[in-house]
Every structure is written in structure tokens, then in C-alpha cells.
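As C-alpha cells, the structure follows; a few thoughts come after it.
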Amino acid sequence: MKKTDKKILEEIIRVDHAGERGAIKIYEGQLLALKTIKQDKSLKEKIEKMKEHEKEHLEYFEKEIQKRKIKPTYLLPLWDIMGVSLGFGSALLGKKAAMLCTASVEEVIEDHYENQLKNLGNDEMELKAKIEKFKGDEINHKNIAYESGATNEGIYSIMDKVIKTGSRIAITISEKI
């Protein structure tokens, strides 16, 4: 029976807490742009639904942080600002860009969660089940984004690479500090 290393467990919970909060901040930025500058009721409704899933995920990881006495990443304030900015900026660029933002982030998170599932032992079955469920939600968000017009072709390929690289860097940093 594989047991989860304490350091790995702390990193998983810390980074997932930061990531789910970051996702909410991205959606908040997009919604701010959609409520003020770019009027798109259909897109606004999709983003609001996805944000609700992220809230459920964040609530779970907030409880885990408290229950297990794990310090959240010190960079939460920076991630909050960057998340809102990324969301706002992507929504200002239009529906394709806003949906690509979701798709790009969710593709990174899908791989990230899959790697976490491999590192968790049988002593963390509840956490594994939650991560598996949340991974399914993130895949669903990615699919909704592509069905709603996300594309990573042409000029959007640059945006896709920048968002994915930024997401991976935030993950690596948030695991450690």
C-alpha cells in the first residue's frame, strides 16, 4: 500500500488551493469586462456556471488547508491580481480569446491533476476522489470553451503558449512557497 509523502501532500493541497482561487479570479476578471465594456449575455452565463464549479473546488481546498494546517502560498495576492487581469484582458479581446483563456488553463490543469493522482497514495482516497471529480469538471470547462469558439490557431497560438507557460510557472512556484 503506497503512502503519500507529507511534503508532496502539502504541495498538492497548497497549489490546488491557489489554482482554484486563481480560476475564480480569472472568471471574475472576465465577468467584470462582460458586465461593463463587452456585453455578451451568452458568454457571461457560461462563465458564471464554470465559476460556480471553481467555487466548489476552492471551498474543498480551503477546508483541507485549515484541517491539515498547511500554509497557503505566499503569492495569493499576486495571483489574484494576475488572474483578474488575465480574465479582464482576455474578455476585452473577445469571445474567442476569453474561451481560449479557459481552454489553455484547463488543459494545463488536466495534466496537473493527472500527475497529482499518480503521486497520491492509497492513504488519501478521499482526496484522490475529489481531484478526479474536479479534473472531470475542468475537462468539461475545456470542452465548453472549444465548443464556444476557443481556438489556438493563428495569432491565438501565441496567447495559448503564454497562458500555458504562465500557468505552469504559477503551479511550480505555488507548490513550493
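The table below gives the values:
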| read-out | value |
| --- | --- |
| Selection from the range 55-89 of residues that are closer than 17 Å to A145 by Cα and without any contact (Cβ under 8 Å) to a residue 60 or more places away in the chain | F88 |
| Test: residue in the range 73-86 that is hydroxyl-bearing (S, T, Y), surrounded by fewer than 19 Cβ atoms within 10 Å (Cβ to Cβ) and either in contact with a strand residue (DSSP E or B) (Cβ under 9 Å, 6 or more places away or on another chain) or more than 25 Å from Q39 (Cβ to Cβ) (or both) | yes |
| Condition check for E48: charged (D, E, K, R), touching a residue at least 24 places away in the same chain (Cβ under 8 Å) and part of a helix (DSSP H, G or I) | no |
| Any hit, the range 99-111, residues being without any contact (Cβ under 8 Å) to a residue 60 or more places away in the chain, farther than 18 Å from M50 by Cβ and surrounded by fewer than 20 Cβ atoms within 10 Å (Cβ to Cβ) | yes |
| Where a residue in the range 4-15 is part of a helix (DSSP H, G or I) and its partner, wherever it lies, is surrounded by 16 or more Cβ atoms within 10 Å (Cβ to Cβ) and among the small types (G, A, S), with Cβ under 6 Å and at least six apart | V15/S174 |
| Search result, residues across the range 114-132 that are touching a residue at least 40 places away in the same chain (Cβ under 8 Å) and surrounded by 14 or more Cβ atoms within 10 Å (Cβ to Cβ) | Q116, N119, L120, G121, E124, L127, K130, I131 |
| Identity of the residue in the range 133-177, acidic (D, E) and farther than 19 Å from D5 by Cα, that ends up surrounded by the most Cβ atoms within 10 Å (Cβ to Cβ) | E138 |
| Search result, residues across the range 25-54 that are surrounded by 15 or more Cβ atoms within 10 Å (Cβ to Cβ) and charged (D, E, K, R) | K25, E28, K38, D40, K44, K46, K51, E54 |
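Bear in mind that the values in this text are calculations on the coordinates, not laboratory data. Keep in mind that this is a model prediction, so the values were computed, not measured. Reconstructed Cβ throughout: ideal geometry from the backbone, glycine too, with neighbour counts over all protein chains shown.
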